[in-house]
Amino acid sequence: MKFLTLLLAIGCLVIPGTTNAQKHLSDLPIDSLVSIANGLDTETRRDSIITLLQLALEKTESVQDDTLRQHYRGQIGEKFYLMVQYDLAKPILEQQLEYEEGRGNTIRSAELYPKLARILRNQGNPTGALELAQKGLQAALEVKDTFNMIESYQMMTAAYLTVTVIDTAAVLNNSSSMYELAVAYGQNLALAKAGFINGIGNLIAHNFKTAVEMFTISSDQYLLLGDTVQSMAALTKIGNVYELKQEIEKAIPYYERYYEYTRENGGFQPKLNAIMYLAYAIITLEDPERVRREALPLLDEAMRFESLKSLRYEYTLVMGYYKEAYRILRDYESAFFWADRMMAYKDSTLNEQHSKTLAELQTKYETDKKEQEIRLMAEQQKVQEARIAASLNRNILLGALLLIALLVGGLYYYRNRLEQQLKMQNMRSQISSDLHDEVGSSLTRISMIMNAVKVTDDEQSRQYFEKGNEILMESITKIRDVVWAIDARNDQGGDLLDRMEDFAYDMFTSRDIAYRFEHQHFDRKAILPPLIRQNIYLIFKEAVTNVIKHSNATSVDISLQQRDNRIHLTIKDNGQGIHHKKVAGSGLVSMQLRAERIGGRLNYEQQPDGFFVRLEV
C-alpha cells in the first residue's frame with residue numbers, strides 16, 4: 001500500500017494535471033518526501049522539490065520525539081541551502097544552531113556557522129557574516145575540525161572583501177591562514193578553494209607573483225576534480241593580475257580562453273563573467289578599431305541574456321562599458337544615451353522597495369476604507385431607525401443639529417483646503433525658485449558658449465562644445481535633484497541616506513579618496529518634509545564638491561546622526577581646506593542660506609588636520 005502511494009505521489013509531481021496531488025503527497029511520511037526531493041533534478045524540478053520540502057517541514061511539527069524532529073529539519077534546511085534557497089534555509093539553520101548550542105554540540109555548530117555566514121553575506125550583511133564566521137572558526141578550532149576551519153576562514157575573507165572599505169591586511173592574513181590549513185589538510189577541494197581565495201588576497205595586496213602561483217594551484221586542483229569551468233575561472237584571475245599591472249595585452253589571452261570555453265561549456269554566470277572580463281580589457285586599450293570590432297559585439301551578446309537584468313551590479317557595469325566604448329568611438333550621442341539609461345536604472349532600482357511599501361500601504365488603506373464604509377452603513381441604519389421612532393419635534397431638532405454640523409464641517413473643510421492650497425502654492429514657488437536658481441544660470445552659460453562656437457576656429461569650437469555639454473549634464477543632475485526632493489515616494493530618512501551614500505561613492509571612489517560614512521544612529525524610517533530633505537542633500541552635495549575641488553584631501557569622514565529630535569551632519573577631510581574667499585564665496589554662502597531656510601545652523605572651520613563642516617537641523 002505504501003509503495004502504491006509513493007508511485008501516485010511521484011506521478012503527481014512528474015505528470016501535469018494528475019488529480020488529488022496534494023492528498024497523495026500528504027499521505028507520505030517525512031523521510032519519503034525528502035527522499036523523493038533528493039532524487040529530482042534541481043534544475044528542471046526546482047518548484048517540485050520546494051513543494052515536497054515545505055510539506056515535509058510542515059509535517060515535522062507533529063513529530064513528538066525532539067531529536068527525530070531536529071534530524072528531519074536539519075535534512076530539509078541543508079537541502080534548501082544546497083539549492084541556494086537562502087530565504088527558506090536561513091530560519092531552519094538558525095533554529096538548528098540554537099538547538100545544537102543549547103545541548104553543547106560544538107561539532108555541529110562548527111558546520112552551521114560558516115553556512116549561515118554565507119547566507120548573510122549573500123543577503124548583503126557582511127558585518128553579520130564576519131561575526132558568524134569568526135564564531136565558526138572558534139568552534140572548529142575547539143573540536144579540531146580542519147575542514148570547517150577552512151570554510152570559516154573562507155567566509156571571513158569573503159566578508160572582509162564585501163565591506164565598503166576593504167581591509168587588505170585582514171584579507172591577506174585570513175586567506176593565507178586558510179591556505180596553510182588546506183595544505184596541511186591535503187584535500188583537493190580544500191586546496192582549490194584556499195588557493196583561489198589566497199590568490200585574491202595577494203592580488204589585492206599587489207603581491208602579483210604569489211597571486212599567480214595561488215591561482216595556478218587552484219586551477220590545477222579544480223582540474224583534478226574534473227571541474228573545468230572553475231579551473232578556467234582560476235586561470236582568468238591571472239588575467240586580472242596582468243590587468244592590475246597595466247599589462248592589458250598579456251591579460252587578454254586569458255580572458256579569450258575563458259570566453260571561448262564558456263561559450264560551449266559554461267552556464268549563464270560563467271559566460272557573462274567571461275564576456276565582461278574580455279570586453280572591459282579591450283575597452284581599456286582605447287583602440288577605436290578593436291572597440292568597434294570586438295568590444296561592442298561582446299556587449300551586445302551580454303545584453304541578449306534574459307537573466308542579466310536581474311543582476312543589478314552586472315547590468316549596471318555593462319551599461320557603463322557601453323558608455324565608455326562609444327566615448328572612445330567619439331559617438332557622444334550614443335555615449336550619452338547609455339549614461340542616461342544607466343542613471344535611470346539606478347534610480348528605478350532604488351524605488352523598487354518604495355513601490356513595494358506603497359503597495360502595502362495602498363492595501364491597508366483600501367481595507368480600512370471598506371471597514372469605515374461598513375461602520376458608516378451601520379451608523380446610518382441606526383440613525384434611520386431613530387428617525388422613524390422619534391417624534392416630529394425631535395426630527396426637527398435633529399435636522400437643525402445636522403445642518404449646524406454640516407455648516408461647521410463645511411467651514412472646517414474649506415479652511416483645511418485653503419491651507420493645503422497655500423502650502424501647495426508655497427511649494428510650487430519654491431520649486432520655481434530652485435529651478436531658476438540652479439538651472440537658469442547654467443542654461444544661460446550654455447547659450448553663450450554655443451554662440452561663441454560660431455566665431456571660433458575648430459579646436460576652440462570643440463573645447464567650447466565639450467564645456468557646454470559638461471554644463472548641460474550638470475543642469476540635468478540639478479533638475480533630477482529638485483524632482484527627487486518633491487517626490488512623495490522619497491519622504492523617508494532612508495531615501496535621503498541612500499542618495500547621499502550613492503553620491504559619496506560616485507565622487508570619492510573614482511578619485512581614489514578613502515571615505516567612511518557613519519549613520520548607525522540615523523532613523524531610516526523617519527518621515528522628512530521635502531524642504532528639509534532637499535536642503536540637507538544639497539548642503540551635503542556642495543560640501544563634498546568643495547572637498548573634491550579645493551582640498552586635495554586623501555580621506556574624508558562623514559557622519560549623519562539623530563540626537564534630541566535633531567539631525568546632525570558632519571563632513572571632515574584631511575586636506576588643505578578653503579583659504580580664499582573667492583573660492584569659498586557662492587558655495588559656503590549658499591550652504592549657509594539653505595541651512596537658515598530650514599531653521600538649521602551651519603558651522604565650518606579650518607582645523608590643523610583638515611577642513612570641518614557641521615550642519616544641525
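The values are calculated or read from the model by the stated rules, or taken from the named source; none is laboratory data. None of the values given here were measured: they were computed from a predicted structure. As a convention, Cβ positions derive from the backbone with ideal geometry for all residues, glycine included, and neighbour counts pool all protein chains shown. SASA here: full protein model, heavy atoms, side chains in, ligands and nucleic acids out. Shrake-Rupley method; radii C 1.70, N 1.55, O 1.52, S 1.80 Å.
Some observations on this one:
- Charge dipole of segment 489-616 about the Cα centre (unit charges at C-beta), most positive-ward option of I558, I548, M591: M591
- Cα-centre dipole for segment 489-616 with unit charges at Cβ (Lys and Arg positive, Asp and Glu negative), debye to 20: 380
- For peptides 139-151, 181-193, sequence by mean Cβ density within 10 Å, most packed first: 139-151, 181-193
- Segment 164-225-segment 226-287 distance, computed between alpha-carbon centres (Å): 19
- With viscosity 1.567 mPa s and temperature 4 °C, the Kirkwood radius over alpha carbon pairs of segment 111-246 converts through Stokes-Einstein to a diffusion coefficient of 88 µm²/s.
- In terms of Cα atoms, the Rg and Dmax of segment 212-290 work out to 12.6, 42 Å.
- With Cα atoms as the point set, segment 114-161 shows a radius of gyration and Dmax of 9.7, 30 Å.
- Pairs with C-alpha atoms separated by more than 26 Å, drawn from the list K271/K309; K115/K346; K237/K346; K144/K193; K309/K478, are K115/K346; K237/K346; K309/K478.
- Convex hull projection area averaged over all views, segment 489-616, Cα basis, nm²: 7.5
- In this rough spin-label picture, where each label sits 7 Å from Cα along the Cβ direction, the K144-D498 distance is 5.1 nm.
- Cα centroid of segment 548-577 to Cα centroid of segment 291-319, whole Å: 37
- Cβ crowding within 10 Å averaged over residues, with 369-375, 541-547 ranked highest first: 541-547, 369-375
- Portion, in percent, of the accessible area of segment 489-616 that falls on carbon or sulfur, probe 1.4 Å: 48
- Along its first, second and third principal axes, ordered by size, segment 74-190 spans 36, 32, 26 Å in Cα coordinates.
- Descending principal axes extents, segment 15-145, alpha-carbon based, whole Å: 52, 34, 20
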